[in-house]
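All of the numbers you see were taken from the coordinates with simple rules; none came from a lab. These numbers come from a predicted model, not from an experiment. Every residue, glycine as well, gets a Cβ built from its backbone with ideal geometry; the counts of neighbours run over all protein chains shown.
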């Protein structure tokens, strides 16, 4: 490749680099009076935020003496403060560590020490967590209080002051430096099924390109959403979780009005959607289920609300329930390692008007097609590509400009992640000739029965179509004869009288119609009052198996 | 900056780079059966183009033995062939030289030799140009015929075959290589007011980022266009001119239907808009004027047509005429050196419904606001920034990720272009506090009268509001007392009886109302039948001054 004509280096220095400050700089260009809303507590205009982010930069570099390359942690609900940290921390050259407050205190301690956090900005509600870790945080020098109540907390921790008070003492302009666009901007930890949490990290360049990818695929592609600058955004995926899927960066890039809901209380979420005329959100299916099931939901007009569902598969029944409420719902696919967005439902509005509601729901619940710049393939265990024929089943592997380079300080698992030169998602899928991906299972959750693979996700989807089933989770249990067999945990609807026999009869209609094979019909059911969930609301099959002692 | 934490290099090699092949790879993802239409001569699906581009790559590298870093020239009207070259030439690591066929043969010769073209793909209509240059093209080894007629041309040139015939002989898959995203992809020449044509050049990275910038600003921003994948695109700015403003890359990135009109014949253009249901185009005001003035224009339904106007200012009268026909018209701003798009009209549909038609036209004719990633400032002659106060007048200088690094093999003019670390556009403007740019003049066209600057563009705009004026151009002429004074060339409407006195009276109403100062009212008029234009349809003030001998 030595022969290609490369741009001369001068004056490359003057070309804008792909730095997060370029996203931030858009926010005043279009609608500087638009607001960032924090629950019913605070309203700020972009103009004001453009003073607050420089103030936070001064707080970090002058008051707290954070240096470039050091890590600053946030432990907060979804707030305007978090948004300010999304910008100020990387823009001074430091790394933002978004702490998952749903982890156990011991796991949180591990991530704080592993990421080498220097300062932690901590919401008053989470002070007890840090108190319990006192003396064991190896690199933390200061804790800054994030307060909603304004009360002075009763804590043995030595606090370096309160965010709002400290902010007001700082100058409101800051000369944000230029540096390599490959500088790490953010980090957070993903909890795998085995072993310790893994730290993923993203550079300025990757976050800018991911933002462009979202803007193009959600704005200019003719999926049903057509998100634009006049939308009003509210996350319902926590901001610690893959930067709320990158949407706060997108919203700022386009100058949208933004709403941050704090803790996720269904009544408050619905109230904010109505009051602030929220038009676009994203969440896991569990949260949407919670909102759709809310007793007063029918009194709210949700017909202008677009919701991207991710984290786990959108059940068809839930999609239809949301569609009935007028919610424009589509599926996104990605993971912590991928920034996260890789694919989105693609709906061509020119052709979809011919679809029945059921056909439309089928499209909406699939994993969609890869967005711009994303190359998704199926790979078998030997590292060979499989065809997109809608039948071949393999692991989804991916290339894109915004994938984590690996796991922080974990060479072994990084190499495993990037085996054969593609990032391995651990998801088992088929890809149709038109590019539509259908995830059939997590690699670790697939049920290997009698030499065949049974998809636990497909069984869950079919079981949940029974009118008396509220929720279900299928796991593999060891079987002497078949190696593994499916076992279904089932939460029955209140008042229903559901039996094993009834569910077997229900599932046999699908084997009779050829949808699944006869050996895939589960014979073991366990009725429970609740399905165990992980900290981000996904079904926790690791815990289920542990509790079943399988 | 040594302290920032930089991404570890492994496995950076696996992250997708910003290469043009990534744009091309999108084209099959969504609507592979959509068509690329060439006049009434040819229709190709994306699926077919995905075989033709690899064929062209083989033709280039195997048959024509083009090596990476070499330059391949195209001399064609707007065609599917040109689109194929937009991809295949850079994707094999070569540089695409887009020859401006409106230049004089001697200028074309200069650009061919300066760019060091190895092969020229030449439309049959342009063979006479190359014939006239025979023996003087220093680096050209082969000429490939681009034929619409299918006829064997009667030419003394030694041709290496015809495009379609050669293409069919090549294999239809090609393993496009990876290389640095800073590899030069395209080059073309801009004709300044003085001196020889200047070669500008753009890298793969720059073209990908420009495409993302267009997708975001035209798709996700709430300007009136909301361009998306379901749009149907047809250029009416030649493909040799700054890659048709980058729109063919955008259209392919989003998988739009595309229509290439060949030569610009008004009847054919209007026919294609109707027949192919074209929804988005771009052109200079002169072309739009020609279409709006077409005798049969009222018989065409143009209400689904969105047009971006650039190249020179959109006259208000023309904007209103277009709006009356239902055309959604906005202004874009940029230049050959800037890839080109820098700013676009920004219309907030939430607020613009309160505007009168006149107010709306005023917004549409302005230069707009900088798009994502573009930093536009005003600078005075000493290299100091001026405030965005709507009053301070200075030169527009710019940073963005997609600006030419300089002029090819011209260090002196490159340094001049990038003086003070910003690219100098040569345009004089004001910027309002809300970011809206109003270009008042080209730096070289500003009229320096009695120590004050008079905008020739403003005078043109005001003169053209006289109902009997069809077109006008204002230039500076030397004046003993005032240094310079404005002189207006005027094309009167057919049948009108226009006099100097009438025009002075017309202009004095604007000085009476304070719109312009009294000394800005022109006293010298010259009635002409035509205004001289440059090869890209702009008013040629250099030639006007030369013909006036001023």
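General observations
- P(r) weight above 15 Å for the range A:121-164, C-alpha pairs, percent: 34
- Exposure proxy ranking for A:256, A:137, A:335, based on other Cβ atoms within 10 angstrom of each Cβ and starting from the fewest, stands as A:137, A:335, A:256.
- 5 Å binning of all Cα-Cα separations within the range A:202-442, expressed as whole percents from 0 upward: 1, 6, 14, 18, 19, 17, 12, 7, 4, 1, 0
- FRET E, pair residue B:504, residue B:40, Förster distance 41 Å, beta-carbon r, rounded to 0.05: 0.25
- Projected area, mean over directions - the protein assembly as shown, Cα convex hull, nm²: 47.0
- In plain terms, the chain from residue A:375 to residue A:301 could stretch by 22.8 nm, reckoned as 0.36 nm per residue minus the Cα-Cα distance.
- Label point 7 Å beyond Cα along the C-beta direction, distances from residue A:433 to other copies (nm, shortest first): 6.1
- The peptide list B:140-146, B:524-530, A:38-44, put in order of mean Cβ contacts within 10 Å with the highest first, becomes B:140-146, A:38-44, B:524-530.
- Exam field: residue B:524 pseudo-label spacings to other copies (7 Å along Cα-Cβ), nanometres: 9.9
- Ranked list, fewest to most other Cβ atoms within 10 Å of each Cβ, for B:183, B:139: B:139, B:183
- The range A:314-432 - Rg and Dmax from Cα coordinates, angstrom: 16.3, 52
- Taking the longest Cα principal axis of chain B as reference, the axis of helix B:105-115 is set at about 60 degrees.
- Simple label model, 7 Å out from Cα along Cβ direction - residue B:413 to residue B:443, nm: 1.4
- The protein assembly as shown - share of DSSP beta bridges that are antiparallel (%, nearest 5): 60
- Copy-to-copy label separations for residue B:509, where each label sits 7 Å from Cα toward Cβ, in nm and ascending: 7.8
- Taking a ≥ b ≥ c as the square roots of the Cα gyration tensor eigenvalues, the range B:447-549 comes out oblate, since a/c reaches at least 1.5 and a/b does not exceed b/c.
- Global geometry of the range B:228-308, whether rounded, prolate or oblate, following the gyration tensor of its Cα atoms and the 1.5 cut on a/c: oblate
- Directionally averaged projected area (chain B, Cα convex hull): 27.9 nm².
- Per residue of peptide A:220-228, the mean number of Cβ atoms on other chains within 10 Å of the residue Cβ is 6.
- Gain upon complete extension [residue B:434, residue B:175; 0.36 nm per residue less C-alpha separation]: 88.4 nm
- Placing R0 at 25 angstrom, the Cβ-Cβ distance between residue B:168 and residue B:28 gives a FRET efficiency of 0.75 after rounding to 0.05.
- Peptide A:177-183 shows a mean partner chain C-beta count of 4 within 10 Å per residue C-beta.
- Paramagnetic label zone (point 7 Å from Cα along Cα-to-C-beta, residue A:141; backbone N under 18 Å) in the range A:45-80: A:56-74
- Percent antiparallel among DSSP beta bridges (both partners in chain A, rounded to 5): 60
- Length-normalised contact order of the range A:378-429 in % [C-alpha pairs under 8 Å, at least 6 apart]: 38
- Based on C-alpha pairs under 8 angstrom that are at least 6 apart in sequence, chain A has a relative contact order of 10 percent.
- Over the range A:202-442, Cα pairs under 8 Å with separation of 6+ residues give a relative contact order of 17 percent.
- Look at the stretch A:125-131: the mean tally of other chain Cβ atoms within 10 Å of its residues' Cβ atoms is 0.
- Ordered by the number of other Cβ atoms lying within 10 Å of each residue's own Cβ, fewest first, B:226, A:409 fall into the sequence A:409, B:226.
- Shape of the range B:80-120, Cα gyration tensor, a/c cut at 1.5: oblate
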